[in-house]
Amino acid sequence: MFDVFFQTLGSGDSGSFGEEAMRKVLDPHVVLEDPGGFLQIQVGDGAADVYIRNDGMLANHVSGEDPWDLLVQGAAAGGWVIMPAKAV
């Protein structure tokens with residue numbers, strides 16, 4: 001299993017813009033939401049758990065290919081890089 005981190009790197013600062021842009025992409029696919037920033041999305045052939053904050057996001061339990069396409073689209077919209085890390 002992998003955790004995948006999304007955030008701004010370098011001197012750029014997306015501030016809340018990154019979260020707003022990602023939420024705009026994800027919102028039509030949210031099936032469960034917690035006020036603490038947890039979202040569960042479903043799209044096409046799969047689903048993902050997402051923990052989002054204004055300075056970045058963590059996604060895990062991603063299944064299928066369609067959720068990856070959506071996450072990459074959101075990262076591009078928010079100016080975030082994508083960094084996979086093996087969960088321990």
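The values are calculated or read from the model by the stated rules, or taken from the named source; none is laboratory data. What you see is a predicted model; the values in this text were computed from it and never measured. Every residue, glycine as well, gets a Cβ built from its backbone with ideal geometry; the counts of neighbours run over all protein chains shown. Heads up: the accessible areas ignore ligands, DNA and RNA and are worked out on the full protein's heavy atoms, side chains in. Shrake-Rupley method; radii C 1.70, N 1.55, O 1.52, S 1.80 Å.
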Task: Label-to-label distance, nm, for residues given as VAL30 and TYR51 (7 Å Cα→Cβ offset) - done: 1.8 nm
- [ ] Please label the shape of the range 41-88 as rounded, prolate or oblate, based on the square roots a ≥ b ≥ c of the eigenvalues of the alpha-carbon gyration tensor (a/c under 1.5 means rounded; beyond that, a/b larger than b/c means prolate, else oblate).
- [x] oblate
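May I ask you to give the percent of accessible area on the chain that is carbon plus sulfur, with a probe radius of 1.4 Å? The partial results should precede the final answer.
On the way: 2720 of 5090 Å².
Looking at the chain in its full context, I get 53 percent from C and S.
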- [ ] Given the options VAL31, VAL72, VAL50, state which has the largest fluctuation in a GNM of the chain using a 10 Å cut-off (strictly under) for Cα springs.
- [x] VAL31
- [ ] Take the chain, connect every pair of alpha-carbon atoms lying under 10 Å apart with a spring to form a Gaussian network, then pick out the residue of GLY37, GLY18, GLY78 with the largest mean-square fluctuation.
- [x] GLY37
